[in-house]
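Only one structure is covered here, and it is reproduced in the block below.
Derivation of every value follows stated rules applied to the coordinates shown; laboratory data play no part. Predicted model, so just to flag it, every value in this text is computed and none were measured. Glycine also receives a Cβ, built like all others from the backbone with ideal geometry; neighbour counts cover every protein chain displayed.
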């Protein structure tokens, strides 16, 4: 199991703020997905290759806690790490911080399951199992 | 060619406003798509059936002019009509109004082309050609 | 505390499906918000009026479990009810179903807190407290 | 008038593809906004500073032509340049390319107008006028 922390950096897009000038809570799910996709890419695993091989990672559980707002144009750091994995699931934890701030704006966790193009559960591809340390 | 005007009604979602409290300009493309999809549905044509038959309508041109803002929670009317059609393309015009206001907030036009699952141009399904008056 | 269930109905927009043809998981947060906003409206409370009076409801906690996919163009029913409330918070539970299907596609819960325009916690407006049964 | 071309690079987010596996046409408006915001930032102008000073750039016209699809996970280059400017408006042109492909996937143009917090037209801040070459 890979417990390394990957920190993904993005800048909040103008379109991602709402009428209070802060990032709409639904957007963080998109940021988390971008961070864990990039975490895999850094480990040499391309989602596109995985999907071309007929394996899709779908979210089964999402928990998010919002402690403080993030604003349009803020630079954001998304800490992302794998917390557990099995032959069919991978769990991640996340902390989203505005660059330079101490406490996280958002903490979150997700659980992914591997499915085939038909939507039915299937074993994770060996390349992923190797990265997440399940053998 | 069907020149009937269909008026589609939606209420702006809280998440669709930006930091100025108004609908982000990119959102109108989504509203227009919803309106023209519903226009076809009223004519007895389901996008899902069309897509299951292997025909997809992709946007090739989009023009939007923004005259005044629309706000979160506003009720919006989207006038939509087909302005021309051929064996492979359909063009629409739109006017987006806040319910009760005279002048349109947004005017727009789109041109769609029919493609197959492989992304290559193909003839529109006969059911659509019949609705749009190309025979 | 209002334990009535409100059922909100929407049709999935074409733009809300992802490359697997199913609704992206981040979108459900938007559907839940639309449902709870409409629940309040049915009780005679307009978010716009509340916000114009300087009170904003921000999400502090979001939990979602995804059991089965929802597809583009599906008609969806979002069951929404208030499960608890205090002078500053309101909690909701939700079940999202494809019309005609028995089991929910998604179950979820949220906790909202009331803040002022400055982002600091404040007491919920009396009109809301009365609807949610906190007196 | 600044006719320099700025090339902005992004990677398509998984959530930005639709059921055909390609970027939904509405998303490009978001990419264009990110590109022109970054173009100004490279010239030393922060949107946040401009907005804090009470000036907002709103889109009045958007034209997009879609020549070929962009797919989830593609790396995209957005060429962006200012084509004309006045005391109250700025126009941009764009070409969106998949990295490594010759022809653009999307070409576009926008016209922005400067408004105050009240939504009424106002003169562009001097810092912008200086960057865009209107004096």
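How shielded is D:108-117 by partner chains, expressed as the average number of their Cβ atoms within 10 Å of its Cβ atoms? Could you put the intermediate results ahead of the total?
Details: counts 1, 0, 2, 2, 0, 1, 0, 2, 0, 1.
That works out to 1 on average.
When you look at the Cβ of every residue in D:62-75, what mean number of other chain Cβ atoms sits within 10 Å?
Working: counts 11, 6, 8, 6, 7, 1, 1, 3, 0, 2, 6, 8, 1, 0.
That average works out to 4.
Roughly how tilted is helix C:27-42, in degrees to the nearest 10 and between 0 and 90, from the longest Cα axis of chain C?
For C:27-42 against chain C, the angle is about 50 degrees.
Among A:83, B:89, which comes first, then next, by fewest other beta-carbon atoms within 10 Å?
Fewest-to-most Cβ neighbours within 10 Å comes out as A:83, B:89.
Taking only C-alpha pairs under 8 Å that are 6+ residues apart, what is the relative contact order of chain B in percent? Provide the component values of the computation, followed by the final result.
Details: 260 pairs, mean separation 41.3, N = 135.
RCO, chain B: 31 percent.
Using only the Cα atoms of region B:25-95, build the gyration tensor, take square roots of its eigenvalues as a ≥ b ≥ c, and label the shape rounded, prolate or oblate: rounded if a/c is under 1.5, else prolate if a/b is larger than b/c, else oblate. Could the numbers behind the result be given before it?
Numbers: a/c = 2.13, a/b = 1.68, b/c = 1.27.
Since a/c reaches 1.5 and a/b is larger than b/c, the shape of region B:25-95 is classed as prolate.
Pop the C-beta distance of residue D:130 and residue C:102 into the FRET formula with R0 = 51 Å and round what comes out to the nearest 0.05. Could you put the intermediate results ahead of the total?
Numbers: r = 64 Å, r/R0 = 1.26.
The calculated FRET efficiency here is 0.20.
Considering every Cα-Cα pair within the protein assembly as shown, what fraction, in whole percent, is farther apart than 41 Å?
Working: 29623 of 145530 pairs.
Roughly 20 percent, rounded to a whole number.
When Cβ neighbours within 10 Å are restricted to other protein chains, what is their mean count per residue of peptide C:31-40?
Partner Cβ neighbours, averaged per residue: 2.
Between copies, how close do the residue C:41 label points come, placed 7 Å along Cα→Cβ, listed in nm from shortest?
1.7, 3.5, 3.9
Is chain D rounded, prolate or oblate when judged by the Cα gyration tensor, a ≥ b ≥ c being the square roots of its eigenvalues, rounded requiring a/c under 1.5 and prolate requiring a/b larger than b/c?
Working: a/c = 2.22, a/b = 1.87, b/c = 1.18.
It is prolate, given that a/c is not under 1.5 and a/b is the larger ratio.
Distances in nm, one decimal, shortest first, from residue D:65 to the same residue in every other copy, taking the label point 7 angstrom along Cα→Cβ.
Going from nearest to farthest copy, the values are 2.0, 5.3, 5.3 nm.
Provide an ascending nm list, one decimal, of label-point separations from residue A:121 to the equivalent residue in each further copy; define each label point as 7 Å from Cα along Cα→Cβ.
4.0, 4.8, 6.3
Give the distance, in whole Å, between the Cα centre of region C:22-48 and the Cα centre of region B:8-57.
Taking the Cα centre of region B:8-57 as reference, the centre of region C:22-48 is 18 Å away.
Using the number of other C-beta atoms within 10 angstrom as an exposure proxy, rank A:112, C:32 with the fewest first. Mind dumping the intermediate values first?
Working: A:112 21, C:32 26.
With the sparsest Cβ surroundings first, the list reads A:112, C:32.
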